[in-house]
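Following: one structure in structure tokens, then a few remarks.
The values are calculated or read from the model by the stated rules, or taken from the named source; none is laboratory data. What you are looking at is a predicted structure, and each value in this text was computed from that prediction instead of being measured. All Cβ positions, glycine included, derive from the backbone under ideal geometry; neighbour counts span all protein chains shown. To get the accessible areas, we keep the full protein, side chains included, count just its heavy atoms, and leave off ligands, DNA and RNA. Shrake-Rupley method; radii C 1.70, N 1.55, O 1.52, S 1.80 Å.
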Amino acid sequence: MSDSGNAPAPLDRLIAGYHRFRETGWTPHRERWSQLGERQQPEVMVIACSDSRVDPSQIFDVDPGEIFVVRNVAALVPPFETTPGHHGVSAALEFAVQVLKVREIIVMGHGLCGGCKAALTQELQGTEPGQGGFVANWISLLDEARDSVAHQHGTTGRPAERAMEQAGVKVSLENLRSFPCVSQKEAKGSLKLRGAFFAISDGVLHLLDETSGEFAPVE
């Protein structure tokens, strides 16, 4: 059933998309799906934001089975820690590195990121869980980087926001290297870490040069 008026209900739109997928994505590629039914063997893990505008599969135009994706608020990776709790990102990372044996991990931040903006303005600080507190606690991973960005750019405006968004990628890369399974494989050359930034405003992908600390557009 649809909502009143001409616009279809959200679920109706999704079901219509599913039917298109069955016609154009599943049926013509049954052999590929049969292979994926036996196992997955992606070579790349992408850690991206949950933002609905930055789907890694669309940005990189990949088929199912090509990339192992983890998405969360602001594309953050927490540091390695063994305290009790439910470590979702850490579990996915461990699975990708140790079981799937991916060869590259890409951390992809993006423009107009609400999580990074909230980290910069600290607008959610002090809120209760369920009212913004969960987000505030999560993006506190950016507190140290935020102080540096705020000192240099202030806390409002696109230059400050973009600096925060790109600083977030660097924080996640640093935290990735705190995981022994990551740092050991990177040292041996069997795993590469890369930082990326997708600008929603113009659709341009940027890659991080860790030597210079600068992001440059992909030519």
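General observations
- Of the helices (runs of 4 or more DSSP H) that lie entirely inside the stretch 135-219, those containing 1 or more residues that are within 24 Å of G85 (Cα to Cα) and open to solvent by less than 30 Å² (accessible area, probe 1.4 Å) span 158-176, 180-188.
- A74 buried (at least 16 other Cβ atoms within 10 Å of the Cβ), part of a helix (DSSP H, G or I) and modelled with pLDDT of 95 or more: yes
- Residues being in a helix (DSSP H, G or I) and surrounded by fewer than 24 Cβ atoms within 10 Å (Cβ to Cβ) - total across the stretch 97-118: 6
- Cβ pairs under 6 Å, 6+ apart, first in the stretch 1-27 and at pLDDT below 75, second of a type in the set (D, E): S2/D12
- Entry remark, the stretch 172-201: residues being within 18 Å of P56 (Cβ to Cβ) and basic (K, R) number 2 in total.
- Within the stretch 39-66, being closer than 18 Å to C116 by Cα, in a loop (DSSP other than H, G, I, E, B) and in contact with a strand residue (DSSP E or B) (Cβ under 9 Å, 6 or more places away or on another chain) holds for S50, D51, R53, V54, D55.
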